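Presented below is the structure to which this report refers.
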Amino acid sequence: MQIQGQAALVTGGGSGLGEAVARELARLGAKVAVLDVNEAGAQRVAAEIGADRAMACQCDITDSASVTAALDAAEAAHGPARIVMNIAGIGTAKRVIGKDGSPAPLEDFERVVRINLVGTYNMIRLSAARIARLEALEDGERGAMVCTASVAAFDGQVGQEAYSASKGGVVGMTLPLARDLAQHGIRVCTIAPGLFATPLMKTLPEPVQQSLAASIPFPPRLGKPEEFAALACHIVTNTHLNGETIRLDGALRMAPR
């Protein structure tokens with residue numbers, strides 16, 4: 001699928017990897033709806049991209065009414081979207097047994113899984129139903145979706161049970177989603193990023209960032225959000241990429257802690 005002239009949705013587009021994806025899509029000629037639970041962040045990114053190429057929507061991916069409202073607003077502004085970038089998510093770490101001997105709160109685990117896994121599926125199911133009604137393009141394709149997992153899906157560290165489970169779920173549903181939506185001409189792939197220079201990463205002390213970067217075999221630096229965005233957009237344009245999870249991590253394999 002050619003990105004030029006298409007309408008695209010980017011969840012988590014108000015910062016970090018999602019912001020980079022929104023900017024790259026717009027650079028390549030897409031009309032981008034920047035969706036984020038943080039409305040101010042979404043508005044900032046859309047304004048910097050430009051009103052002719054981007055618009056902002058407040059969107060909680062775990063809430064079906066919120067997602068539907070965002071899809072309606074995006075469609076009214078840009079027409080039906082064929083590109084869906086599922087970047088929204090949260091990261092947290094908490095040991096099963098705390099220092100005081102108490103078990104980790106179940107609510108914390110449920111929240112991470114609900115946002116990262118259930119929220120991703122919620123956006124997919126609601127947007128896919130709309131894409132399936134569109135006219136097919138070349139090769140019978142109607143749409144392309146990219147999901148975001150993490151290397152933690154494969155080698156999660158101590159305290160990452162919730163995060164690893166949620167991202168492992170995204171990896172696990174990628175192939176069945178691609179098979180399920182194949183009859184509608186909708187492709188689904190997932191990117192599993194390693195350590196990236198996101199706003200969250202930059203809140204860590206500089207020595208910690210340098211230590212993490214040094215743990216990456218090559219290149220021995222944090223990933224650039226632009227590199228994630230480039231891969232996400234390539235997936236859209238390469239029609240034979242489907243049902244696959246791609247690690248983007250510089251050959252990193254995370255240690256236990």
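The values are calculated or read from the model by the stated rules, or taken from the named source; none is laboratory data. Not measured: the values here are computed from a predicted model. FYI the Cβ positions are ideal-geometry reconstructions off the backbone, even for glycines, and counts take in every protein chain you see.
Tell me whether segment 40-55 contains one or more residues that are in contact (Cβ under 8 Å) with a residue 60 or more places away in the chain and at negative phi. Walk me through it before giving the result.
Taking segment 40-55 first, the residues in contact (Cβ under 8 Å) with a residue 60 or more places away in the chain are none.
No, segment 40-55 contains no residue that is in contact (Cβ under 8 Å) with a residue 60 or more places away in the chain and at negative phi.
Of the conditions (1) in contact with a His (Cβ under 9 Å, 6 or more places away or on another chain); (2) over 21 Å from M145 (Cβ atoms), V32 clears all except one; give me its number.
(2)
Return yes or no: is R95 surrounded by fewer than 21 Cβ atoms within 10 Å (Cβ to Cβ), charged (D, E, K, R), within 22 Å of F228 (Cβ to Cβ) and more than 15 Å from the chain's Cα centre (by Cα)? Steps first, answer last, please.
Working: surrounded by fewer than 21 Cβ atoms within 10 Å (Cβ to Cβ): yes; charged (D, E, K, R): yes; within 22 Å of F228 (Cβ to Cβ): no; more than 15 Å from the chain's Cα centre (by Cα): yes.
Here the answer is no, as R95 does not meet what is asked.
Among the residues of segment 145-169, write down those that are among the small types (G, A, S) and either surrounded by 19 or more Cβ atoms within 10 Å (Cβ to Cβ) or part of a helix (DSSP H, G or I) (or both).
Taking segment 145-169 first, the residues among the small types (G, A, S) are 149-150, 152-153, 156, 159, 162, 164-166, 168-169.
Of everything in segment 145-169, those that are among the small types (G, A, S) and either surrounded by 19 or more Cβ atoms within 10 Å (Cβ to Cβ) or part of a helix (DSSP H, G or I) (or both) turn out to be A149, S150, A152, A153, G156, A162, S164, A165, S166, G168, G169.
Please work out if L231 is part of a helix (DSSP H, G or I), closer than 26 Å to G14 by Cα and either in contact with a Phe, Trp or Tyr (Cβ under 6 Å, 6 or more places away or on another chain) or not hydroxyl-bearing (S, T, Y) (or both).
On the way: part of a helix (DSSP H, G or I): yes; closer than 26 Å to G14 by Cα: yes; either in contact with a Phe, Trp or Tyr (Cβ under 6 Å, 6 or more places away or on another chain) or not hydroxyl-bearing (S, T, Y) (or both): yes.
So L231 passes the test.
Give the residue, chosen from I124, I115, I61, that is in contact (Cβ under 8 Å) with a residue 60 or more places away in the chain, at negative phi, of a type in the set (V, I, T) and part of a helix (DSSP H, G or I).
On the way: I115 fails: in contact (Cβ under 8 Å) with a residue 60 or more places away in the chain; I61 fails: part of a helix (DSSP H, G or I).
Result: I124 is the single residue among I124, I115, I61 that is in contact (Cβ under 8 Å) with a residue 60 or more places away in the chain, at negative phi, of a type in the set (V, I, T) and part of a helix (DSSP H, G or I).
What are the residues in segment 25-44 that are touching a helix residue (DSSP H, G or I) at 6+ places or on another chain (Cβ under 8 Å), surrounded by 24 or more Cβ atoms within 10 Å (Cβ to Cβ) and in a helix (DSSP H, G or I), if any?
Within segment 25-44, L25 is the sole residue that qualifies.
What do you reckon, is L106 hydrophobic (A, V, I, L, M, F, W, C), modelled with pLDDT of 95 or more and surrounded by fewer than 13 Cβ atoms within 10 Å (Cβ to Cβ)?
Numbers: hydrophobic (A, V, I, L, M, F, W, C): yes; modelled with pLDDT of 95 or more: yes; surrounded by fewer than 13 Cβ atoms within 10 Å (Cβ to Cβ): yes.
The answer is yes for L106.
Of all residues in segment 170-207, count the ones that are of a type outside the set (A, V, I, L, M, F, W, C), in a loop (DSSP other than H, G, I, E, B) and within 27 Å of L252 (Cβ to Cβ).
Here is the first cut: in segment 170-207, the residues of a type outside the set (A, V, I, L, M, F, W, C) are 172, 174, 176, 179-180, 183-185, 187, 190, 193-194, 198-199, 202-203, 205-207.
If we keep only those that are in a loop (DSSP other than H, G, I, E, B) as well, we get 185, 194, 198, 203, 205.
Applying the additional criterion that residues be within 27 Å of L252 (Cβ to Cβ) yields 194, 198, 203, 205.
Going through segment 170-207 one residue at a time, the tally reaches 4.
Tell me, which residue of segment 173-223 that is touching a helix residue (DSSP H, G or I) at 6+ places or on another chain (Cβ under 8 Å) and of a type in the set (K, R) is surrounded by the most Cβ atoms within 10 Å (Cβ to Cβ)?
Here the answer is R187.
Among the residues of segment 136-144, are any assigned to a helix (DSSP H, G or I), under 23 Å from V34 (Cβ atoms) and in contact with a Cys (Cβ under 9 Å, 6 or more places away or on another chain)?
Taking segment 136-144 and keeping what is assigned to a helix (DSSP H, G or I), we get 138-140.
Cutting the leftovers down to under 23 Å from V34 (Cβ atoms) gives us none.
No; the residues of segment 136-144 include none that is assigned to a helix (DSSP H, G or I), under 23 Å from V34 (Cβ atoms) and in contact with a Cys (Cβ under 9 Å, 6 or more places away or on another chain).
Go through segment 112-159 residue by residue and tally those that are under 17 Å from the mean Cα position of the chain (by Cα) and of a type outside the set (A, V, I, L, M, F, W, C).
The total comes to 11.
If we keep just the residues of segment 67-102 that are of a type in the set (S, T, N, Q) and in a loop (DSSP other than H, G, I, E, B), which is farthest from F196 (Cα to Cα)?
Initially, segment 67-102 is screened for residues of a type in the set (S, T, N, Q), giving 68, 86, 92, 102.
From the residues that got through so far, the ones that are in a loop (DSSP other than H, G, I, E, B) too are 92, 102.
Values: T92: 16, S102: 33 Å.
Of everything passing the filter in segment 67-102, S102 is farthest from F196 (Cα to Cα).
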